[in-house]
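See below for the structure under consideration.
Derivation of every value follows stated rules applied to the coordinates shown; laboratory data play no part. This one's a predicted model, so the numbers in the text were calculated from it and none came from an experiment. Reconstructed Cβ throughout: ideal geometry from the backbone, glycine too, with neighbour counts over all protein chains shown.
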Amino acid sequence: MIKIIVDSTCCPNNEYVKENNIFVNPLRVHFEDEEFIENYSIYDEIYEKMATSDEIPKTSQT
């Protein structure tokens, strides 16, 4: 069996993901002492924190 796995930064279409049984591994964003799992709802909170912090968000890629 072959399984397709992508990370959430490829912005997959939800309908396509469901139809093709694709596993989407979410990007994890580390900021100060918190970890956020990527989805569209986290960005407002991260942008607000960036405005008041000297730190920048990080991922496993940085």
| Dipole magnitude of the chain, debye to nearest 20 (Cβ charges: Lys/Arg +1, Asp/Glu -1, about Cα centre) | 460 debye
| message | Let's test the formula: R0 of 22 Å, r as the Cβ-Cβ distance of residue 54 and residue 7. What FRET efficiency results, to the nearest 0.05? | response | 0.20
| note | For 2, 37, 56, ascending order of other Cβ atoms within 10 Å (fewest first) is 2, 56, 37
| query | Antiparallel DSSP bridges in the chain: what percent, to the nearest 5? | reply | 60 percent
| Computed [θ] at 222 nm, deg cm²/dmol, the chain (DSSP H ≥ 4; -39,500 (n - 2.57); rounded to nearest 500) | -7500 deg cm²/dmol
| When the chain is treated as a GNM, springs tying every alpha-carbon pair under 10 Å, which of 25, 39, 14 comes out with the largest mean-square fluctuation? | 14
| remark: Semi-axes a, b, c in Å (a largest) for region 5-52, each sqrt of 5 times a Cα gyration tensor eigenvalue, come to 26, 11, 6
